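First up is the structure itself, then whatever we jot down about it.
No lab work stands behind these numbers, since they all come straight from the coordinates. None of the values given here were measured: they were computed from a predicted structure. Quick reminder, even Gly has a Cβ in these numbers, built from the backbone with ideal geometry, and neighbours come from all protein chains shown.
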C-alpha cells in the first residue's frame with residue numbers, strides 16, 4: 001500500500017503449516033518457505049525482490065520504475081521456475097521448464113468467474129524485499145495489493161483474486177502440478193503481521209475444461225508469511241487465490257501481495273487399462289504360487 005491454481009481437487013485433510021512473520025529472506029524469498037520440509041526440493045517462482053533472473057521477469061512487458069503493469073485483462077507470463085539451491089543460476093540449463101501465467105479479477109463468484117478482469121501488477125518497492133503481485137481494480141486509486149473491501153451494497157464489494165495457470169512455456173498447454181506453498185507480503189511491502197495484517201484468503205483448484213472449482217482451502221494471514229500444503233499439495237493446473245476479510249475500518253484496505261509460489265509436477269496416474277493389467281498379473285502370480293504349493297511333496 002503506497003498510500004496512508006483436471007477437476008478441482010478437494011483439499012480436505014491437508015496438513016498446513018505457516019511461518020512466523022520475522023523469517024529471513026534468501027534472494028528476497030522467505031527463507032522458511034525454502035527450508036520447510038513440505039517444499040524442500042520444490043521449484044519456485046520468486047516475485048519478492050527486484051527480479052535478477054530473466055525467467056522471473058514478466059515476458060513481453062517493459063517495467064516502469066521497476067514495476068510491471070498490464071492493461072485491463074492482461075497477464076503476467078513467466079517462462080521458467082528454479083530450484084531453491086539454484087539461486088545463483090546463470091544458465092537456462094538450470095531452469096525448470098514450466099510456465100506460469102497470472103491474471104487478476106474482481107467480484108469473485110464461483111458461478112460467474114472472470115467476468116471482471118482488472119489490471120495486474122508485479123509491484124516492486126525499492127529498498128524493501130517484501131514485494132509481489134497484486135490487482136489494481138479500476139476506481140480504487142493506485143491500491144495494487146489483492147483486497148477485499150465490503151460495501152453496504154453487496155453487489156459493490158471489492159473481492160479481488162488472482163488466477164495462477166501453469167502451462168508448457170512453448171505450447172501453452174496446461175500442466176498439472178502439485179501446489180505446495182505460497183509466500184505473501186503485506187500491503188505495505190513488509191512481512192505479514194510485522195506492521196499490518198495481510199487478512200486472509202481462499203485457495204481454489206480450478207478446472208479450465210469444466211469451469212468448476214474445488215473445496216476452498218481457507219488460510220488466515222494475520223501474522224504469518226506463508227502456508228504449505230503437506231506432502232500431497234493441492235493438485236491442478238489452475239488455482240484461484242481470493243482475498244477475504246482483509247479490510248480494517250481504521251487502516252483501510254490491507255490486502256496482500258503474492259510473493260512466491262512453490263510446487264512440483266503432479267504425479268502421473270497410471271491409466272485404468274494398465275492398472276487392470278497389473279492386477280491380472282498379480283492374480284496370475286498368486287495362482288501359480290498356489291499350484292506350486294499343491295505339487296510340493298509333504299515334509
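Here are some notes:
- With a Förster radius of 35 Å applied to the C-beta separation of residue 64 and residue 231, the computed FRET efficiency comes to 0.25.
- Listed peptides 114-121, 207-214 by packing density, highest first (mean Cβ within 10 Å): 114-121, 207-214
- Order of 125, 43, 256 under a 10 Å beta carbon neighbour criterion, fewest first: 125, 43, 256
- As a proxy for reagent exposure, ranking 218, 228 by other Cβ atoms within 10 Å from fewest up yields 218, 228.
- Multiplying the residue separation of residue 194 and residue 210 by 0.36 nm and subtracting their alpha-carbon distance yields 1.7 nm.
- Between residue 223 and residue 111, the contour length at 0.36 nm per residue exceeds the Cα-Cα span by 37.2 nm.
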